[in-house]
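Visitor: Have a look at the structure that comes next, please.
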Amino acid sequence: MPFSKFIIVSTLSLLYVTCVQASASVNDSLRAEILKAKNKPAALSGLYTRLAYNSLGTDGDSAIYFARKAQQLATSSGENKALAIAYMCLTYAYDNHGNTDAALACTDTAKRYADKANDYILQFHAELMMGSLCRRKANYEQAIKHAMQALAIAERNNDQTLTSNACNNIGILYTTLKDIGRAEEFHLRALNIRKKLNNADLISQSLNNLGIINRERGDYDKALSYYKQALNLSISIGDTQNMAFLYNDIGAAYSKKGDVTNGELYLKESINIREKIKEYYELAYTYNYLGENYERKNDLKNAELYIKKALSMAKQIANNKQTYEALESLSDFYARNSIYDSAYVYAIKYRLFRDSLVKQEHKNVVAELTTRYETVKKEQTIATQQLEIDNQRYIIAGVMGIALLTLLLAISIFRRNKLVQATKLQAAIMQQQELATKGMIEAEEKERKRIAAELHDGIGQLMSAAKLNLSSIKSDLQFTNTDNELNYDKALGLVDESCKEIRNISHNIMPNALLKSGLNNAIREFVDKIDTRIIKVNLHTEGIAERLSSDVETVLYRVIQECVNNVIKHANASRLDISIIKDKDGMSITIEDNGLGFDTKKMADFNGIGLKNIQNRIQYLRGTVEWDSSVGRGTIVSIHLDNK
């Protein structure tokens, strides 16, 4: 190897290693921050995003790993902005690795989250990247559309950095479309903005793109001047990715200028960097340039090898633009070297692939290449046959569409009927349950009335008669001593007490106040009988002066009676507050005590039927009942009935 060539190669390698070492130092610092940010998904996502970006120029696989980790953490955080940033990072990692389809999917997701977050910077980057990816897929119409939308976002927000980025990408698009005048206009606009911003990285990009424009014009000296200015800036900031781009473009310019030695040197250095950092999305171009360089050296074996490597790489990363350019390059290579069979085969492959991108029929492409001299009549026959095929397809598609719609309609009707039947069945079940509850309550009240009547009119009357008879014969009895007379008086007292107890039980079972005066008076009479030495009861009523229906009054009386008895028996309370309020919306009843309370989560474990009876009775009135209690802080029973 000549000494000068050795010096250039050594310098380029040293620069690459220096950039990699600097990147590793930054990654170590980020990993230390990650250890401090445990249990903070959004913060961790941001740190992994920075790791991914930092790995793009050194290790493509690591970039994808870190970007995926960032996306998973952003998903767990649920923050739209974090999700948009993570998906954009994953887009760049996939694109850098040559997976254009995955990058497109991630960009679309990033755009949706950016819109939700209403973040114009993220919206801009999603649109701009969509344009770049569409260019790689050779969908130039969509590429221009997305790039122009990105420029509009930047200008609307008066963001000069983003405006320069949009102009840069639009210039690249016009270069691809061979509209060099427009391309130069946008690149110069981008360069002027970036010089004002004093951003070395962005200035380097613009200088590189202006070099490409001059290379396309054939002014290789001017192109190399731009390239080398850009390279010096990239080296100064340690931008390994951009260095790989510039080595590629400098090598291509030297090669086309006729300096195949420097051409090979720079192109191989570009390949070396890109293969090390696994940056595949532009590698096919470099292989192709190196193949052309070998052809200029008359090394046809290596020329064919590298142009085919370009085609293989383009297919591997599914880059349509690079694929058809590699097919065209192979066809031209074989034609220049008089290998006409291969030239013709690759020319056909090129035309078929290129035309398939604009959705033309495969048959028409082959016909154009192999039947150039056929008659107009035959072309019309082919067109007619194609029209018939299309019509048949439309008919089949229409029939299938109608069948599908019919099936969907039938499924919809079936589900609707099933839902209607289920609703009717549920309504019938609820009606039966309501009737059963109503029958149970009515039977219970009827039995209460019967028992109360039996106690009052039967046993009560007998006990009263016994008392009268005992009282009437006292004067006829001759007591031998004072103790006998005292025992007689005690017996008479027990009979009198029994009469009162029977009367009280009868009234509790079916209070006269409820039958005669309504709920308000019945509750007051019931509360007044409670011994204030045991518990102090406060009763507040409002809006129930008028009588309610007998069913409602009876059910509410029983429920309140059951609640009060529960407090007296189990709560060990010293105060009981009862509130009954009726207004235009309905009736609210609150029963609150300061007793022991209980754990409402264990209500299902209670063996008694009191709480169940309360629930059933309130459900019968189509109301709701709730218990609010905990151990040591008393209990509140809340009942609400809507106006029917």
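Visitor: For L539, enumerate residues with amide H under 5 Å from its amide H, sequence gap 5+ or separate chain, H modeled in the peptide plane.
Guide: It is I578, by chain and number.
Visitor: Let me ask something additional. Determine the order of Y350, Y53 by accessible area, beginning with the largest, at a probe radius of 1.4 Å. Mind showing how you got there, number by number?
Guide: On the way: Y350 40, Y53 95 Å².
Accessible-area ranking of Y350, Y53, largest first: Y53, Y350.
Visitor: Here is a follow-up. Show the residues, 5+ positions off or on another chain, whose built amide H is closer than 5 Å to the amide H of Y280.
Guide: Those lying under 5 Å, H to H, from Y280 are H97, G98.
Visitor: While we're on this one: Which residues' amide hydrogens lie under 5 Å from the amide hydrogen of L548, considering only partners 5 or more residues apart or on another chain, with H built in the peptide plane?
Guide: L519
Visitor: Provide the per-residue ³J(HN,Hα) series for the range 549-565, in order, calculated from phi with Karplus coefficients 6.51, -1.76, 1.60 and θ = phi - 60°, each as a whole number of Hz, with x at glycine and proline positions.
Guide: Using θ = phi - 60°, the values come out as 5, 4, 4, 5, 4, 5, 5, 5, 4, 5, 5, 5, 4, 5, 4, 5, 4 Hz.
Visitor: While we're on this one: Arranged from highest to lowest average of other beta-carbon atoms within 10 Å per residue, in what order do the peptides 287-299, 257-269, 613-625 appear?
Guide: Taking the mean over residues of other Cβ atoms within 10 Å, the ranking is 287-299, 257-269, 613-625.
Visitor: Describe numerically, in nm with one decimal, the distance between label points set 7 Å from Cα along Cα→Cβ at N192 and at K297.
Guide: Result: 4.3 nm between the two label points.
Visitor: Here's a follow-up. If the limit is 27 Å between Cα atoms, which of K40/K278; K40/K276; K196/K256; K222/K309; K111/K145; K40/K137 go over it? Write down the numbers at each step before the final one.
Guide: Details: K40/K278 31 Å; K40/K276 34 Å; K196/K256 34 Å; K222/K309 30 Å; K111/K145 15 Å; K40/K137 38 Å.
In this structure, K40/K278; K40/K276; K196/K256; K222/K309; K40/K137 lie more than 27 Å apart at Cα.
Visitor: Let me ask something else. Output wanted: per-residue J couplings in Hz (rounded whole) for the range 248-262, from phi through Karplus 6.51 cos²θ - 1.76 cosθ + 1.60, θ = phi - 60°, x for Gly and Pro.
Guide: 4, 6, 5, x, 5, 5, 4, 4, 5, 6, x, 8, 6, 5, 5
Visitor: 7 Å from Cα along Cα→Cβ at both I413 and Y394: what's the point-to-point distance in nm?
Guide: Distance between the two pseudo-spin positions: 3.0 nm.
Visitor: Compute the FRET efficiency between T480 and Q615 as 1/(1 + (r/R0)^6), taking r as their Cβ-Cβ distance and R0 = 51 Å, and round to the nearest 0.05.
Guide: Approximately 0.25, to the nearest 0.05.
Visitor: Here's something else I'd like to know. Report the extension gain between K145 and D108 in nm, rounded to one decimal, defined as 0.36 nm multiplied by the number of residues separating them, less their alpha carbon distance. Don't skip to the end; give the middle numbers.
Guide: On the way: separation 37, 0.36 × 37 = 13.32 nm, distance 1.48 nm.
Full extension from K145 to D108 adds 11.8 nm.
Visitor: Here's another thing I want to ask about it. Could the peptides 416-424, 570-578 be put in order, highest first, of the mean number of other beta-carbon atoms found within 10 Å of their residues? Walk me through the numbers on the way to the answer.
Guide: Numbers: 416-424: 10.0, 570-578: 16.7.
The most tightly packed comes first, giving 570-578, 416-424.
Visitor: Would you kindly derive the ³J(HN,Hα) couplings of the range 399-410 from the backbone phi angles with the Karplus curve 6.51 cos²θ - 1.76 cosθ + 1.60 (θ = phi - 60°), listing them in order in whole Hz, with x for Gly and Pro?
Guide: These are the phi-based 3J(HN,Hα) values: 5, 5, x, 5, 4, 5, 4, 4, 4, 4, 5, 5 Hz.
The values are calculated or read from the model by the stated rules, or taken from the named source; none is laboratory data. Quick caveat: nothing in here was measured; it's all calculated off a predicted structure. Methodologically, a virtual Cβ is constructed for each residue, glycine included, from the backbone with ideal geometry; neighbour enumeration extends over all protein chains shown. Note: areas computed on protein heavy atoms with side chains; ligands, DNA, RNA excluded. Shrake-Rupley method; radii C 1.70, N 1.55, O 1.52, S 1.80 Å.
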